[in-house]
Every structure is written in C-alpha cells, then in structure tokens.
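Enquirer: I have a structure I would like to understand better, so I am pasting it below and will then ask my questions one at a time.
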Amino acid sequence: MRWLWRGLVLVAGVGGWQLWTSAAGSAFFPRPSAIVARMHHLWFSGPAAHLFLTPDATGNILPSLGRVLAGLAIATAIGVPLGITLGRSTVVTSYLNPLLQFARALPVVTMAPVFIVLFKIGTEMEVATIAFGTVWPILLNTIDGAATVDPVQLDTGLAFRLSPRQRLVWVIVPAALPKAFAGFRLSLSLSLILMVFAELVGSSNGIGYEMSNASNAFDMTFLWATIVLLGILGYLLNALLGGAERLVLGWHTDKGLH
Amino acid sequence: MLEVTDLTKAYGSGAAAHVAIDRVSLTIPQGELVSIVGPSGCGKSTLLRCVAGLITSTAGQVVLRGEPVQRVPDGLAVVFQDYGRSLYPWLTVRDNVALPLRRTTRVRAARRAAADASLAAVGLPGVGDKYPRQLSGGMQQRVAIARALAADPVLLLMDEPFGSVDAQTREDLEDLVLRVRRERDITTLLVTHDIDESVYVGDRVIVLTAGPGQVRADLPVSLPEPRDQITTKELPEFVRLRTEVSRLVRGRDAATFPRRVPDNRLADSE
C-alpha cells in the first residue's frame, strides 16, 4: 500500500510542476511533458537493437557513466586497501592524519586546473578529478571502520589462531565494510557532481558537454532534459548501490539500523 | 597438563604499575575442570588471558603439555563472556563454527560437516544457516561452545561464559559443560563470579584473593556423578563447599581484606 502512496506523491509533484509551468508559460521553465518529449527524442528513440538508445545517448551518456565508474573504481581501489592498512596501524595514521585532513579539505574544483596541466583536457583529466574527489570519503571512512574493529572480535581471531591473512579476510575487512560503504555512498553522489563539472570545464562529449552546448544555445528544454537525466542517473546509481549493500551487508542492515 | 608457576602480570610500570595477578601457581592434570572464582577485580580474566597467550605475563610462566606458552598455543579454545561480540555477525552460525577449522581442514565440505556435528552436539541441530543475531543469547553461547569444541581442543578456557544469560538458560548451559566434561577429555578452566556455579561444575575450585590476585585456596570438589541442578545442590557436601567458597571469596579476615579495590576494577576486563 505504501508504495502506492509514494507513487501518488511523485505523480502529484510532477503534475503540479506541469500545471505551474503551463500557467506561467515562461521560456526558462519548460513544461515537464516537453522535457520528457525532448529526452525521448534526444536519447531514447533509437533502434531496439541498441536498447532504444540514440547515437547521441551512446556518444554522451555512456562516456559520462564510464568516467564516473572509472573514477569511483580508482578511488575504491586506492581508498579501501589503504584505509584498511592505515586503520590497523594507529601510529602511521596519527602521523599521516594532518596530511590526510589537509588533502581532503582541498576543494577538488581547485585541483582541476592542475589536472588539466597534468593530463590535458580529456577523459584522463576528468577521471582524475572524479577519483581525487571521491577517494577521501572512502579512505577516511574505511580508516575509521578498520580502526574501530571490536577488540573481542580481534581476540577471538587470535584465540582461534587464525593466520594474519585469515584475520584480515574474515574479521577486519567485514568489520570495516559497513563504514566503507557509508563512505562509498557519499562518494557516489560526489562523483556525479564532479563528472558534470569536469565535462563543463572541457570535454568533447558527455552529459556536461551537452549541458554546456544547451546553455550556449539558450535551448532551455535541452538544458532541463540533461538536468532531469542527471537526477535519474543519480537515483538509479543509488538504488543499485542500495541493492549491492543489501547483498553484501545483509547481516548489518537487516538489523534495523536503517 | 597445564602448569602455571609464579605468574605475575602488572599493567604499566614503576610506581603507577597496577598488579593484576601476583605469583599465581596452579597445576591442572589432564581432563580436569577447574573453576576459578574470586571477588570482582581479582584478575581472573587477566589470568585466563595469560594462559591463553593473548597477553604476555610480567613474570612467571605457563607450561602447557611441557611447552612454555608464549603465543596462543595449539589445541586451545576459548569461550568469551560476550557471545554477542565474539561470534562474527557477518558469518552464518555454521561458518562461525567452521572458521577456526580452516587452519587444519582444507576441504570445505569436511569443515561444514564438522561444524554441523559440533552444533548438534551442543543441542543446536539445524541452525547452521541462521545468523547469530537470529538466535537467543543462550543459543548464541551454545554456538560459541560448539565453535570451541569443533577443533577438538585439549585446553578449553571459559571466561565467565554464562554471565549474561538468564538463570534457567544458565543452568542448562552448566549442564552442557558437565556433559562435555563427561564425554570428552578436555582440560577446562572456567572463570566465574558465581559461587554455586564454581562448585556445581568444578572438579576443583580455586579461589583468588582480591587484587592483586593470589591463590587463596584450592578446594577439591567431591560431589557424586552425575550432577543434577536440584539434587546435587541440596547435598550437605555442596552446601558445605559453597559456604566455604563464599566465605573465602568475601575474605572477611583482615589479612586479605581487599586493598585498593577501585583501581583494581580497571584491570579486570569486565
């Protein structure tokens, strides 16, 4: 029953938006029906063989998604192992902590010019921006998770003579995972922001590139279409992560913590 | 089997050092179940952790089967008080029990079979696929016991294992320990603050003084087998023993009156 009410609220919200924009007739706020029609025309009216994706969609949405995933993959590949290592060595972490906090506090956008110089404008620079921005929540949360493993759980591993590798795989990593996931969730929403930003700065394709084109051409419906598309992508990625979390952390989340 | 000689453990150093146990010596022959009781803060848990090789002693030594214990020895199993924290919530009950077997058993199916057999032996058949939090406290502690027994230990250490379950469950678990003692030749050290429990399950009761813990008394328990929660506890011998242990634990005479009790509480992990 509840999903029905939720659906109803969504429909009412969009309906309200439609009524308001129709009444206002402003050139800056196109009607949602027009936005959806444009989205369909731009991206989702392709042949069935291409999952209805138009060349415009495969040429822009897919590269953007690829950059997001590549950036997150790099951030995870660095953040999780490094976070576990640092979390388990309090001495090293206490020395590195000021440095980590400083690096994290740097607004990523200010690093973009550096990455432009380093990598030139293009996919590498965009992926680097996303990876640099998203590594911090993952890293710092994983450090916290690995540092706060219950001492009884560690003692149990020792008392049953698990090898260091077994303690890592069966005790420390699972214990740190809930916090690592919390960090990843933050990084996911950050990654979309950084993707758009990096593509606005300079790109020859992607959703941010399309936005910049739409904006330059004063094509408001097109611009709103990209905004709605980004919202939908963010929602889908989050839902995907939620599913992965339930799969991996079922023992944790089903306890009713959320 | 297990020989503890002049075992001393101090936390910190110099004038601020806190001595948790002081020259504790005890010898436990193969297959005996020894209860260790003492007032709060007497270093019971410290003693157990030293024997387990989880912490290193300041002086003295622990010798298990002729080998000095420096790290966690082979053939050791531990049941911690806090089952909620010592069972891994991310593993199913079966995987919790099977995890320590990874060291010795390479075949997964063999580990699973051994885990299921051990679970059945503690009266928990068919819960292998559940997660620990889906079981009651008493059942979780049974799982912890199954995990300890699965690897066929020679020495079983239990640190106030039944401190956090209700009275009825506690009695059931005590009877489980007695059954394990009857059926298997495992030397067991059981730390408890419950005087009745120490007498009821023990072949011997060792009473420690208030911190720093020293051996105050070592009493043999000669109660008839099999023991029973009702009939054993009304025997004059049981009553005599529990009264004596109780008197020793309370330590009313001046010589052993607890000194510096507030500090000492810090040493005991509970």
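Enquirer: Quick check on segment A:49-57. Is at least one of its residues open to solvent by 60 Å² or more (accessible area, probe 1.4 Å) and over 30 Å from residue A:220 (Cβ atoms)?
Expert: Within segment A:49-57, one or more residues are open to solvent by 60 Å² or more (accessible area, probe 1.4 Å) and over 30 Å from residue A:220 (Cβ atoms).
Enquirer: Could you count how many residues in segment A:139-168 are open to solvent by 30 Å² or more (accessible area, probe 1.4 Å), within 9 Å of chain B (Cβ to nearest Cβ) and among the hydroxyl-bearing types (Ser, Thr, Tyr)?
Expert: Matching residues across segment A:139-168 total 1.
Enquirer: Six or more apart or on different chains, Cβ atoms under 8 Å: show the pairs whose first residue is in segment A:219-242 and closer than 13 Å to residue A:190 by Cα and whose second is open to solvent by 30 Å² or more (accessible area, probe 1.4 Å) and of a type in the set (D, E, K, R).
Expert: Hits for this filter: A:238/A:185.
Enquirer: A follow-up question, please. What's the number of the condition residue A:180 fails, among (1) facing chain B (nearest Cβ under 9 Å); (2) assigned to a helix (DSSP H, G or I)?
Expert: Condition (1) is where residue A:180 drops out.
Enquirer: Suppose we filter segment B:152-177 for residues that are crowded, with 22+ Cβ neighbours inside 10 Å and farther than 21 Å from residue B:34 by Cα; how many remain?
Expert: The qualifying residues number 0.
Enquirer: Could you please find all residues in segment B:51-68 being within 13 Å of chain A (Cβ to nearest Cβ) and in contact with a Ser or Thr (Cβ under 9 Å, 6 or more places away or on another chain)?
Expert: Of everything in segment B:51-68, just one residue is within 13 Å of chain A (Cβ to nearest Cβ) and in contact with a Ser or Thr (Cβ under 9 Å, 6 or more places away or on another chain), namely B:55.
Enquirer: Any chance segment B:162-174 includes a residue that's of a type outside the set (S, T, N, Q), touching a Leu at 6+ places or on another chain (Cβ under 6 Å) and closer than 24 Å to residue A:162 by Cβ?
Expert: no
Enquirer: Yes or no: segment A:61-82 includes at least one residue that is farther than 29 Å from residue A:184 by Cα, out of contact with any His (no Cβ under 9 Å at 6 or more places or on another chain) and open to solvent by less than 80 Å² (accessible area, probe 1.4 Å).
Expert: Looking for residues that are farther than 29 Å from residue A:184 by Cα, out of contact with any His (no Cβ under 9 Å at 6 or more places or on another chain) and open to solvent by less than 80 Å² (accessible area, probe 1.4 Å), one finds none in segment A:61-82, hence no.
Enquirer: Filter segment B:102-153 for residues that are in contact with a Pro (Cβ under 8 Å, 6 or more places away or on another chain) and part of a loop (DSSP other than H, G, I, E, B); which is nearest to residue B:64 (Cα to Cα)?
Expert: B:151
The values are calculated or read from the model by the stated rules, or taken from the named source; none is laboratory data. The structure displayed is predicted, hence computed values, not measured ones. Note that we place each Cβ from the backbone using ideal geometry, even for glycine, and neighbour counts take in every protein chain shown. For the accessible areas, the whole protein counts, side chains as well, though only heavy atoms, and no ligand, DNA or RNA atoms are used. Shrake-Rupley method; radii C 1.70, N 1.55, O 1.52, S 1.80 Å.
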